[in-house]
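Report on the following structure.
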Amino acid sequence: MRDQHGVTRLLAIVGVPRASYYKWRSMRLYRSSQKEGLDQEIKEHMMATHLAHPYFGYPRMVTALWEAGYRVNHKKVWRLMKELSIQSVIRKKRKLSSYTPSVVYPNRLKRQFHATAPGQKMVTDITYISDGTHFYYLSVIQDLFNNEIVAWQISRRNDLELVLDTVEQWIRKKDVSEAVLHSDQGFQYTSQAYNTRLKEFSIKGSHSRKATCLDNACIESFFSHLKTEKLYLLQCKSEEELHQAVEDYIYFYNYQRFQAKLKQRAPIEYRHALAA
C-alpha cells in the first residue's frame, strides 16, 4: 500500500516502529542477495560438473552437489539445470576393433583411508577450475597419512601428459617405492603409459570402482575446500590469477590449515611433529 499511502502513516496504523520496519526490510534484502550469491555458486559448480560428466542427469547431479557440500533438493537442481540449458547426453557406442585393453587395478584401498606413515597410501584425481572465461584442469596427488598435497599440475588439456607430469613431480620429491597410488578409472589412469610409469618405480596402482566417486572421497573433499574457500571467493579473471590462487591455497592447506583429524595441526606440521 506504499503507492497509495505514506510509510509513516501505515506504520502508525499497525503500531510498528519505523526503525523496526527498515531493519526488517534491510535484512530481507540482505538474505535475498545472499541467496542469489549461493545460487550463482551452485550454478558454477553444476556447469563444471556437467563439463566433466556430461552424461549426468539431475539425479546424479544432486548426488554430486551433496558430495561437494551443497544441500540442494532434486526439484531445485532440475530447475537450475533448465535455467542453464544443460541435460545429460547419450554417449554413442564406439567400434572397438582396434582398441587396446586398458589396465585396471584392483581397489587396494577399499575406502580404508587411514595410513600409519607418509608415502603409504596416495590418492590422485583431476578437477575442473575456471578463470571465468575458460576451464582448466588441475591434477593433484595427496598423501592420506596427513592429507598433504605432494604434487599438482595445471593444464589447458585433460590428457595423459598432465597426469604423467604430476606423477613425475611426486617421484622427484619422494621415495615412492611400494606406495599405493589410487585413482578413478579415467582414461589416463588406465593407459599403458601410466601403468609402465608406475611399474618403473614399484608403485602399486589402485582403481575405484566405476562410477563410485566415494571410493576416492578424500581428494574430492580437498577439491571442494579449494573451490569454496578460495576460487569461488576470489573469482579469478585470468589464467595467471588462477594459477597463483591454487598455489597460494595449496601452501595454506599444507602449512596453515589445521584439521581435526590431525589433532588441530596442519598437514606438514603434523608430519614434522610425529617425526620429532
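Starting from the range 211-236, take each residue that is touching a residue at least 40 places away in the same chain (Cβ under 8 Å) and closer than 21 Å to PRO54 by Cβ and list its partners that are hydroxyl-bearing (Ser, Thr, Tyr) and surrounded by fewer than 18 Cβ atoms within 10 Å (Cβ to Cβ), counting only C-beta distances under 7 angstrom and pairs at least six apart or across chains.
Qualifying pairs under 7 Å: none.
Looking at the range 1-21, I want the residues that are surrounded by 11 or more Cβ atoms within 10 Å (Cβ to Cβ) and have a partner that is of a type outside the set (Gly, Ala, Ser) and in a loop (DSSP other than H, G, I, E, B) with Cβ atoms under 9 Å, at least 6 apart or on another chain. Which pairs are those?
Pairs that qualify, where the first residue is surrounded by 11 or more Cβ atoms within 10 Å (Cβ to Cβ) and the partner is of a type outside the set (Gly, Ala, Ser) and in a loop (DSSP other than H, G, I, E, B), are LEU10/MET1; LEU10/ARG2; LEU10/VAL16; LEU11/PRO17.
Give LEU226, LEU233, LEU242 a once-over and let me know the one that is under 19 Å from the mean Cα position of the chain (by Cα), modelled with pLDDT under 90 and within 24 Å of MET46 (Cα to Cα).
After ruling out the rest, the residue left standing is LEU233.
Criterion first (part of a strand (DSSP E or B), modelled with pLDDT under 95 and buried (at least 19 other Cβ atoms within 10 Å of the Cβ)) does ILE129 satisfy it?
Considered against the rule, which asks whether it is part of a strand (DSSP E or B), modelled with pLDDT under 95 and buried (at least 19 other Cβ atoms within 10 Å of the Cβ), ILE129 comes out as yes.
Being among the aromatic types (Phe, Trp, Tyr) and not in a helix (DSSP H, G or I) is the filter; apply it to the range 162-199 and report the residue that is nearest to ALA117 (Cα to Cα).
TYR189
What pairs come up if the first residue lies in the range 251-264 and is hydroxyl-bearing (Ser, Thr, Tyr), the second is outside any loop (DSSP other than H, G, I, E, B), and their beta carbons are under 6 Å apart, counting only those six or more places apart or on different chains?
Cβ pairs passing all conditions: TYR255/ILE268.
Of all residues in the range 168-210, which are touching a residue at least 60 places away in the same chain (Cβ under 8 Å) and more than 17 Å from THR127 (Cβ to Cβ)?
ALA179, VAL180, THR190, SER191, GLN192, TYR194, ASN195, LYS204, GLY205, SER206, HIS207, ARG209
So, LYS210, is that one within 17 Å of TYR128 (Cβ to Cβ) and of a type in the set (Lys, Arg) or not?
Considered against the rule, which asks whether it is within 17 Å of TYR128 (Cβ to Cβ) and of a type in the set (Lys, Arg), LYS210 comes out as no.
Restricting to the range 200-248, give me the number of residues that are surrounded by fewer than 15 Cβ atoms within 10 Å (Cβ to Cβ), polar (S, T, N, Q) and part of a helix (DSSP H, G or I).
Matching residues across the range 200-248 total 1.
The values are calculated or read from the model by the stated rules, or taken from the named source; none is laboratory data. Because the structure is predicted, anything quoted here is derived from the model rather than measured. Virtual Cβ from ideal backbone geometry, glycine too; neighbours counted across all protein chains shown.
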